[in-house]
């Protein structure tokens, strides 16, 4: 398992090039720019062995205060799947921020300041 800051990458039953892991890490690091209070990002890279072309799977559990966000996608490459997961998690984070922050964006509504 590769771990940097609050991002860990685990591979299951598949050998993954270090460049792929670095690509995935860079993608997940972008989420910290959207929401700075991410506690942990756990990424699983695996191969679906059902004989389909789109057999590379990326799963992400993103732990933020009071919630865990999840996304899973599969594609022909881990990079493509990671891009799709990133877009889905960006959307989920935006919705979370809109719901939990006041209109000025300054302070969380449900937390003490």
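Quick notes on this one:
- The range 7-19, residues that are farther than 22 Å from residue 55 by Cβ and in contact with a helix residue (DSSP H, G or I) (Cβ under 8 Å, 6 or more places away or on another chain): 7
- Residue match in the range 35-49 (condition: under 25 Å from residue 100 (Cα atoms) and without any contact (Cβ under 8 Å) to a residue 24 or more places away in the chain): yes
All of the numbers you see were taken from the coordinates with simple rules; none came from a lab. Predicted model, so just to flag it, every value in this text is computed and none were measured. Positions of Cβ are backbone-derived with ideal geometry, glycine not excepted, and every protein chain shown enters the neighbour counts.
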